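J.: Below are the structure tokens for one structure; questions will follow.
Every read-out reported here was derived from the displayed coordinates using simple, explicitly stated rules and does not represent laboratory data. In this text, all values refer to a predicted model and were calculated from it rather than measured experimentally. Heads up, the Cβs are rebuilt from the backbone with ideal geometry, glycines too, and the neighbour counts pull from every protein chain shown.
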Amino acid sequence: MSQTFLALTRNGADLEWLQGALTPLGQVLSAGRGTLDELLGLIEVTGASLLFVGLDRDNLVAQTSLIEGALAARPMLAVVAMGDGLDNQLVLNAMRAGARDFIAYGARTSEVAGLVRRLVQRLPSVLPHHAGGRLSVLFSRQQDADSALISAHLALAIQQCGQRTLLLDLAQPQGDSLALLSLETSFHFADALRNLRRLDTALIDSAFGTHPGGLRLLVQEAGGETLERINAAELYLLLGTLRQHFQHIVVNLVGQPDSEALRILIGNADQVLWCTDQSVPDCRRNLELLGRWRDAGVKLEQAQLLVDRHLKGVAPDVEVLARSFNLPVAETLPHSPELRLNAKNQGRSLFELAPRERLSQRLRQLGERLAAVERPRARTWQRLWGTR
């Protein structure tokens, strides 16, 4: 079974080196800024039992103190130190702090993989502490003003199935789902990241946007940073926290540029709806990114194709799109431009405005299918990475 390993290093090249060496065994996640609280939170969320720590002379005291603190809080954790193999002081300090082994920079990847394989066989099996809500993601490489309409209605349909649901709108352009549902909020995605340790039921109920039907919203405010500038470790912790409070989370990622944080969200999704229309430029951009991810070893078994603004009798048809993307088709959504415009301008859902229209019915049916998918008994978080 694929495992998650944590790595605390100040050098991005060291992280990439580890990722390349351990591809057959699992995924390597950056441990963030290196605070003990953040590290322990990641261990809790991911169930990681192996931590790599890069050592250097300038920060040796802080680094060894972190190893000692992590092992005091998690005695079953295995720590492997990394550093200059010719510096005996680094090796001695690492062993005194409790590290199981030491890897010299420049070691052959086969040696690193062999060491980790032997350690993993001796480590106890730890399940990640994130059993909770399902994660359904809507994604497309380019921006699309209708992504807010689609994701909001899928979330509304899931909420109406009786599941406590959150719509996490991180799409470009930003924050459209609030206007679509005639809502306002002063608490945004960036605020949730800043208040990660205070994020409990009381804060969610008082600060998150709330639709009259019970759906909660957390959006990225206008002018907010794209995911490529967000700390991936903090995002990982936020996802784990939110899944404890919601039965289902719908994440709108349409238009987000490729980044480590984006791949974390995609990789941890139970379902991915890859959105495209029938235009050749739209398909070409999506296929280019999809091919790049597949070449990098990204697994997308949970992905399906969502064909938006579908026009019958216009090439390429659905069968051609399915073959080109090599993805099953989840649904086709009719164009219905007048209905979409009315919903946006009036700030009312399609389920209220025109419940019998094909677009409304297809969105409701797709949302109900997303809600009805059975959760696997056990699931490990995945991290997707590779050459971008």
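J.: Can you give the relative contact order of the range 170-236 as a percent, counting alpha carbon pairs under 8 Å and 6+ residues apart?
T.: The normalised contact order for the range 170-236 reaches 44 percent.
J.: Test of understanding: what is the full-extension gain from ARG294 to ASP58, defined as 0.36 nm times their sequence separation minus their Cα-Cα distance?
T.: Net length gain for the segment: 81.0 nm.
J.: I would also like to ask the following. Need one number: nm distance between label points at CYS161 and THR201, each 7 Å from Cα along Cα→Cβ, rounded to one decimal.
T.: Label-label distance for CYS161 and THR201, simple model: 2.3 nm.
J.: When only C-alpha pairs under 8 Å and at least 6 residues apart count, what is the relative contact order of the range 238-312, in percent?
T.: The value is 36 percent.
J.: So which residue, out of ASP258, ASP84, ASP58, gets the largest mean-square fluctuation from a GNM of the chain using Cα contacts under 10 Å as springs?
T.: The residue that fluctuates most here is ASP58.
J.: Given the C-alpha centroids of the range 247-312 and the range 36-93, what is the distance between them in whole angstrom?
T.: Each part's Cα centre sits 35 Å from the other's.
J.: I've got another one for you. Plugging the Kirkwood radius over Cα pairs into Stokes-Einstein for the chain, at a temperature of 25 °C and a viscosity of 0.890 mPa s, what D comes out in µm²/s?
T.: 111 µm²/s
J.: Moving to a separate point now. So how do 317-326, 185-194, 165-174, 302-311 stack up, highest first, on mean other-Cβ count within 10 Å?
T.: Those peptides, ordered most packed to least, come out 165-174, 302-311, 185-194, 317-326.
J.: Most fluctuating residue of PRO337, PRO355, PRO328 in a GNM of the chain with Cα springs under 10 Å: which is it?
T.: PRO337
J.: Once the dipole of the range 23-117 is set up with Lys and Arg at +1 and Asp and Glu at -1 on Cβ about the Cα centre, which of GLN27, LEU71, PHE52 lies farthest towards its positive end?
T.: Checking the options against the dipole of the range 23-117, the answer is GLN27.
J.: Do the sum for the chain: with -39,500 (n - 2.57) for every DSSP H run of n ≥ 4, divided by all residues, what is the mean residue ellipticity at 222 nm, to the nearest 500 deg cm²/dmol?
T.: Rounded to the nearest 500, it is -12500 deg cm²/dmol.
J.: A further question follows. Roughly how many nanometres apart are two label points built 7 Å out from the Cα toward the Cβ at ARG356 and GLN89?
T.: 8.2 nm
J.: Kindly give the semi-axes, whole Å and largest first, of the ellipsoid equivalent to the range 1-142, taking each as the square root of 5 times a Cα gyration tensor eigenvalue.
T.: Listed largest to smallest, the semi-axes of the range 1-142 are 25, 18, 16 Å.
J.: Which order do the peptides 222-233, 15-26 take when ranked by the mean count of other beta-carbon atoms within 10 Å per residue, highest first?
T.: Output ranking for 222-233, 15-26: 15-26, 222-233.
J.: Ok, one more. How high is the relative contact order of the range 119-219? Use alpha-carbon pairs under 8 Å, at least six apart in sequence, and give a whole percent.
T.: With pairs under 8 Å counted, the relative contact order is 31 percent.
J.: So, R0 is 45 Å and r is the distance between the beta-carbons of ASP317 and ASN342; what FRET efficiency does that work out to, to 0.05?
T.: 0.95
J.: Based on the Cβ-Cβ distance of GLN121 and LEU183, what FRET efficiency does E = 1/(1 + (r/R0)^6) give at R0 = 51 Å, to the nearest 0.05?
T.: It comes to 0.50.
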